[in-house]
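One structure is given below, encoded as structure tokens.
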Amino acid sequence: IAEVNESQSWHDYKPASIRYFVGREEFLSKIMNLLKQISNHEIENRVFYIDGKSGWGKSSLLVALKGKLQNKFHKNKYFAYIVDSRSANSQSFISLAFNSMLKKAAKSNFIPKEFSSITIPSYFDIMNAKEIEPLEQYLEKNDKTLVLVFDQFEDIFRKESILQSFFKLLTDTISHQSNIVLGFSWKSETIISADEKNISRLLS
């Protein structure tokens, strides 16, 4: 599992860190407002997505969001983990990404170490793991939100078996109505099939 790396200087080719990110305040505000609404139980939505042409700064926007959630005002309330979907090469990718988020969140003391991993019943059914319910209860009680984001998601559209696992996680996340949020980004010029369009409509 590869996280999206951020730039270490102004001239770095990697997605811009919050220190070097300029503009797009409207989009950052929209996502932050969504997270606040979820935390306050004002809406049922638990998913957001970003689309745009290649090179328009989708990854930088996500990295900037992560940086914003790490500041002193939000670091005890939100934890964002951004995955590079181009590293997906097996059906277990989604479950590995979910567990990687939990391990890093526990290492950062955002959640207790007892939640640092979950026993996945199958790669297709993450939210049915026995540890999910107590994790969701902990997040609710402590007003914390986990945000798992899959960047470069257009690569997943070409991997049908993995795509179905993503779809199951997406629908289960919405159904659970907990403080676990999913995010996605993909190139708007990506050509997708009719079945894949159903998924993009669900994200809308």
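The values are calculated or read from the model by the stated rules, or taken from the named source; none is laboratory data. The model shown is predicted, which means the values in this text are computed figures rather than measured ones. Every residue, glycine among them, receives a Cβ derived from its backbone with ideal geometry; neighbour counts consider all protein chains shown.
Every residue, every condition in (1) over 23 Å from Pro134 (Cα atoms); (2) modelled with pLDDT of 85 or more; (3) β-branched (Val, Ile, Thr); (4) not in a strand (DSSP E or B), yes or no:
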residue	(1), (2), (3), (4)
Ser7	yes, no, no, yes
Pro15	yes, no, no, yes
Arg19	yes, no, no, yes
Val63	yes, no, yes, yes
Gly67	yes, no, no, yes
Ile82	yes, yes, yes, no
Phe98	no, yes, no, yes
Phe110	no, yes, no, yes
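Taking the stretch 106-139, which residues are under 21 Å from Ala88 (Cα atoms) and touching a helix residue (DSSP H, G or I) at 6+ places or on another chain (Cβ under 8 Å)?
Ser117, Ile118, Ile120, Pro121, Tyr123, Phe124, Asp125, Ile126, Met127 - these are the residues of the stretch 106-139 that are under 21 Å from Ala88 (Cα atoms) and touching a helix residue (DSSP H, G or I) at 6+ places or on another chain (Cβ under 8 Å).
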Here the residues within the stretch 161-178 that are touching a residue at least 60 places away in the same chain (Cβ under 8 Å) and buried (at least 17 other Cβ atoms within 10 Å of the Cβ) are Ile162, Ser165, Phe166, Leu169, Leu170, Thr173, Ser178
Within the bounds of the stretch 112-125, is there any residue that is under 15 Å from the mean Cα position of the chain (by Cα), in a helix (DSSP H, G or I) and at pLDDT 85 or above? no
Count - residues of the stretch 127-162 that are over 16 Å from Asn179 (Cβ atoms) and assigned to a helix (DSSP H, G or I): 10
Pairs returned, first residue in the stretch 25-46 that is over 16 Å from Leu146 (Cβ atoms) and without any contact (Cβ under 8 Å) to a residue 40 or more places away in the chain, second residue that is surrounded by 17 or more Cβ atoms within 10 Å (Cβ to Cβ) and not basic (Lys, Arg), beta-carbon separation under 7 angstrom, 6 or more apart or interchain, are Phe27/Leu61
